[in-house]
Number of protein chains: 2
Amino acid sequence: MPKDVITQRSVDYNQWYLDIVREADLAEVAEVVRGCIVVKAHGWAIWELMQRALDDRIKATGHSNVQFPLLIPKSFIMKEAEHVEGFAPEVAEVTRAGGEELAEPYIIRPTSETIIGYFYSKWIRSYRDLPLLYNQWANVMRWEMRTRPFLRTAEFWWQEGHTAHATEAEAEEETLRILHEVYADFVEQEMAVPVIRGLKTEKEKFPGALRSYCIEAMMQDGRALQAGTSHNLGQNFARAFDITFTDQNNTIQYAWTTSWGVSTRLIGALIMTHSDDEGLVLPPRLAPIQVVVVPIYKNDEERSAVMAAVNRMTAAWKGRLRFKVDDRDNYSPGYKFNEWELKGVPVRIEIGPKDVAKETVALARRDMPGKAGKSFVPQAGLTERIEALLAEMQTGLFQRALAFREAHTADVSTYDELKEQVERGFARAFWAGDTADEKRIQEETRATIRCIPLEQPGTVGRCIYTGRETDRQVIFARAY
Amino acid sequence: MPKDVITQRSVDYNQWYLDIVREADLAEVAEVVRGCIVVKAHGWAIWELMQRALDDRIKATGHSNVQFPLLIPKSFIMKEAEHVEGFAPEVAEVTRAGGEELAEPYIIRPTSETIIGYFYSKWIRSYRDLPLLYNQWANVMRWEMRTRPFLRTAEFWWQEGHTAHATEAEAEEETLRILHEVYADFVEQEMAVPVIRGLKTEKEKFPGALRSYCIEAMMQDGRALQAGTSHNLGQNFARAFDITFTDQNNTIQYAWTTSWGVSTRLIGALIMTHSDDEGLVLPPRLAPIQVVVVPIYKNDEERSAVMAAVNRMTAAWKGRLRFKVDDRDNYSPGYKFNEWELKGVPVRIEIGPKDVAKETVALARRDMPGKAGKSFVPQAGLTERIEALLAEMQTGLFQRALAFREAHTADVSTYDELKEQVERGFARAFWAGDTADEKRIQEETRATIRCIPLEQPGTVGRCIYTGRETDRQVIFARAY
Ligand SMILES: [Zn+2]
Ligand SMILES: [Zn+2]
């Protein structure tokens with residue numbers, strides 16, 4: 001596994017990404033299933049850690065998990081006008097089953113608003129039945145033309161929350177609670193990826209939503225990646241699926257619904273935020289293996305002395321650190337160092353006969369490759385030292401990503417400045433245009449409005465495109 | 001929610017089952033998606049506890065989780081002769097996607113041996129690549145004609161393990177390790193359901209397997225339910241998918257593969273083993289809520305005294321017990337008692353003003369409905385008392401199910417005895433017949449050979465059907 005298996009970012013950023021996905025054993029393009037991937041062991045282990053941390057937050061905010069069917073009657077997606085326009089062109093259809101043609105085809109869910117709307121309509125009778133606060137972890141399918149592992153695949157894995165409320169205010173509160181307490185908190189605290197919280201424009205919102213909120217992250221090539229969306233669906237799906245309830249005054253009302261989701265594309269965001277030319281870099285909280293120990297010896301005598309020290313050392317780690325002792329005999333220490341570096345293990349401990357004698361170990365931190373990140377430290381107090389280091393690395397990765405984003409974000413006040421800035425990062429601009437203006441800008445610059453940040457300057461300026469005065473700023477960027 | 005919502009077992013066992021599924025909020029028939037169900041919050045919470053306990057065992061035995069595609073090229077299932085015969089008639093087919101007819105249809109996985117075989121063939125080159133020890137948690141689909149929630153549904157949820165080995169002995173060892181250390185251990189320890197471990201006959205084995213092992217449980221109507229299967233696939237799938245490796249002597253060999261799975265049908269087994277005419281009964285280890293506290297008061301003054309006591313009491317429970325304080329104001333205590341009884345919560349604590357004064361609580365255990373299971377106990381030491389009681393209930397449910405199975409199992413030595421015994425439970429019989437004999441018995445009695453138990457008497461007898469002398473005993477039963 002020579003070093004040059006990873007293309008350098010500066011040479012070819014897209015190839016660098018694909019090299020990391022392959023060499024870190026995260027995923028493989030399925031080939032025989034168009035646009036689909038196999039998520040390999042290391043990739044799925046990261047996803048499981050993400051799921052656990054997200055699920056804890058989803059439950060802490062009062063939601064329960066359920067499971068709705070994979071298949072949806074095709075007629076269902078036709079019921080909400082914007083929704084059908086958004087999803088109908090890319091659905092996969094089941095037309096035969098059990099050896100027979102089906103009278104009505106099913107589609108494989110591209111998202112579940114419609115099938116869930118059908119059941120909510122059955123379940124909700126009175127204001128006493130509200131709110132319904134449900135989530136599901138599921139696979140979904142969208143027949144995408146151009147796919148890339150994690151970032152855009154035909155089948156992907158996600159959670160989708162679907163709630164129903166008695167009032168617009170409650171639905172809006174739910175939508176924002178998910179944005180802040182679940183998504184932004186998870187992505188910043190666990191993934192160490194800073195995000196901008198904002199509202200989507202009409203052009204960019206979810207098909208069928210009243211308002212879509214999102215969190216946007218910056219990748220190392222300056223492009224934006226939408227890391228989560230939370231939609232206030234208003235009464236649109238309630239009207240399409242007849243989700244009504246009798247209120248306290250005995251009047252029949254349409255319910256207010258929300259939906260929100262994050263997916264395995266977050267693994268793509270994780271890779272592209274932190275990794276380097278040596279391979280994957282993982283924030284410690286999402287590292288399936290946080291510490292790898294590589295024992296070094298030349299003969300059986302050395303082996304037993306070294307392994308005795310390793311066993312003493314790691315006995316204290318159980319339940320505190322996720323670790324692995326790499327005692328494979330058929331691979332050299334150099335090979336092992338390289339493999340764990342590619343896979344993004346945050347801390348590597350090397351220990352040989354001299355270290356045993358001196359009661360030290362060599363410690364290498366993944367966030368500082370090469371000599372800068374290597375030190376020799378005493379075995380005494382090693383557990384606490386590693387715990388402190390992992391916490392420091394977690395914060396450090398976040399700070400580094402935040403500094404990068406700030407260095408690649410600029411206020412622009414002319415259209416020419418905007419065109420230039422989106423070549424290298426985010427352009428912040430006053431905006432008073434409409435959907436047609438946005439489309440023209442996208443054609444000319446390949447940049448879109450990522451969001452209208454919730455934090456606004458409170459000042460007034462001239463729209464970058466129309467010249468109209470406005471107090472609204474937006475973020476333009478090219479996006480994944 | 002009156003008591004008579006649950007049909008009594010003695011009146012109509014099948015309706016009793018459906019009533020429990022509905023009233024305990026476990027699942028709902030999807031109707032608009034043929035043969036599919038919605039798994040509701042309480043049902044999915046039980047499945048999550050099952051998944052966690054199974055996943056821990058799967059990882060402890062050295063396996064990693066991965067994820068293969070939902071869709072499989074239709075031609076793949078044609079490659080293994082027995083496999084196609086077993087699964088082709090019941091697949092759902094995707095023939096259109098992205099608005100176009102597909103050149104080759106995909107099927108939605110009914111099980112993943114074939115697609116995984118394809119990738120194992122790519123991944124395995126040398127004996128150094130073996131063993132591969134992978135598992136996935138996934139939804140699968142089989143277009144079944146007669147469906148019942150959890151027991152048989154078109155879409156269901158499961159884990160499927162798939163491993164590849166260099167030798168037959170290693171594959172056999174893996175197959176049995178899963179049977180004992182993962183499946184039997186989980187079902188007996190966590191589900192409190194006793195099982196018989198055995199080998200399937202040729203007629204009953206998995207399509208494409210060399211040997212299928214299983215665990216069989218007895219339901220309260222005396223019928224058998226297969227609670228898990230572990231297959232030694234021999235070299236059958238390796239030949240069909242060209243899974244070869246170069247051994248230590250540089251010779252090319254076919255790999256030996258295994259597969260094994262348990263599914264959401266285990267929720268059906270759980271219901272039918274322990275529940276009673278009052279509703280669901282859950283073993284404490286799989287109860288999403290182990291203890292429910294129902295505070296009782298008539299006015300605000302009583303409310304604050306009672307709730308203060310509840311808060312003191314439950315402060316000690318965090319991290320030790322899964323509990324819920326049911327302080328809903330719009331429902332009566334009687335309504336709440338009934339609801340939690342239907343949902344199978346193992347322990348109910350009632351506390352009113354008099355209990356506060358006396359520093360006691362009323363405690364009701366779900367495994368003994370009515371007065372027999374109710375007692376008044378001091379608040380002092382309550383946490384430890386509940387923990388001990390939950391452990392006692394867990395063992396007690398297992399012992400009760402085991403005693404039931406033993407009371408409904410009999411040795412039979414004539415075909416007439418067999419016919420009679422399968423009306424009430426398991427019939428143990430010597431067996432030297434063949435597949436044709438088994439088919440005839442099934443037609444005549446609706447019973448099948450559930451398994452050839454791994455524990456054999458070591459004595460000799462005459463085959464119940466052919467009269468031939470044999471040392472092999474089998475279990476006959478009607479099965480779900
Ligand atoms: Zn730069
Ligand atoms: Zn009986």
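The values are calculated or read from the model by the stated rules, or taken from the named source; none is laboratory data. Keep in mind that what you see is a predicted model, and the values were worked out from it rather than measured. So basically every Cβ, Gly included, is an ideal-geometry build from the backbone, and we count neighbours across all protein chains shown.
Quick notes on this one:
- The single residue among B:ALA103, B:ALA27, B:ALA97 that is crowded, with 23+ Cβ neighbours inside 10 Å and over 27 Å from A:ARG52 (Cα atoms) turns out to be B:ALA97.
- Close Cβ contacts (under 7 Å, 6 or more residues apart or on different chains) running from residues in segment B:71-84 that are modelled with pLDDT under 85 to residues that are among the small types (Gly, Ala, Ser) comprise B:LYS79/B:ALA240; B:GLU80/B:GLY208; B:GLU80/B:ALA240; B:GLU82/B:GLY208; B:HIS83/B:GLY208.
- Conditions (1) closer than 26 Å to A:HIS42 by Cα; (2) at pLDDT 95 or above; (3) not in a helix (DSSP H, G or I); number of the one not met by A:ARG328: (2)
- Residue in segment B:196-208 that is over 24 Å from B:PHE404 (Cα atoms), more than 14 Å from chain A (Cβ to nearest Cβ) and among the hydrophobic types (A, V, I, L, M, F, W, C) present: yes
- Candidates are the residues of segment A:162-208 that are within 28 Å of A:TYR118 (Cα to Cα) and aromatic (Phe, Trp, Tyr); the one that is nearest to the chain's Cα centre (by Cα) is A:TYR183.
- For beta carbons closer than 9 Å, sequence separation of 6+ or different chains, a first residue in segment B:129-153 that is closer than 15 Å to B:ALA30 by Cα and a second that is part of a loop (DSSP other than H, G, I, E, B) and acidic (Asp, Glu), the qualifying pairs are B:ARG152/B:GLU144; B:THR153/B:GLU144.
- Which numbered condition B:HIS180 fails, given (1) in contact with a strand residue (DSSP E or B) (Cβ under 8 Å, 6 or more places away or on another chain); (2) under 30 Å from B:LYS79 (Cα atoms): (2)
- Residue within segment A:456-463 that is closer than 24 Å to A:THR229 by Cα and more than 16 Å from ligand 2 (Cβ to nearest atom) present: yes
- Residue under evaluation A:LYS203, criteria (1) of a type in the set (D, E, K, R); (2) modelled with pLDDT of 95 or more; (3) farther than 30 Å from A:VAL281 by Cα, criterion not met: (2)
- Positions within segment B:36-54 being of a type outside the set (A, V, I, L, M, F, W, C) and facing chain A (nearest Cβ under 9 Å), in sequence order: B:LYS40, B:HIS42, B:GLY43, B:GLU48
- Some residue of segment B:199-207 being in the same structural domain as B:TRP47 (by the TED database) and within 16 Å of ligand 2 (Cβ to nearest atom): no
- Taken over segment B:237-253, residues that are touching a strand residue (DSSP E or B) at 6+ places or on another chain (Cβ under 8 Å) and not aliphatic (A, V, I, L, M) amount to 7.
- Yes/no for A:LEU18 being closer than 19 Å to A:VAL281 by Cβ, more than 8 Å from chain B (Cβ to nearest Cβ) and buried (at least 24 other Cβ atoms within 10 Å of the Cβ): no
- Check on A:LYS343, free of Cβ contacts under 8 Å to residues at least 12 places away in the same chain, under 30 Å from the mean Cα position of the chain (by Cα) and closer than 15 Å to A:VAL293 by Cβ: no
- Total residues in segment A:399-416, condition without any contact (Cβ under 8 Å) to a residue 40 or more places away in the chain and more than 26 Å from A:ALA184 (Cβ to Cβ): 1
- Within segment A:38-52, the presence of at least one residue that is modelled with pLDDT of 95 or more, outside any helix (DSSP H, G or I) and either among the aliphatic types (A, V, I, L, M) or surrounded by fewer than 17 Cβ atoms within 10 Å (Cβ to Cβ) (or both) is confirmed.
- Candidates B:ALA403, B:ALA380, filtered to the one that is within 30 Å of B:ARG322 (Cβ to Cβ), loosely packed, with under 14 Cβ neighbours inside 10 Å and within 16 Å of ligand 2 (Cβ to nearest atom): B:ALA403
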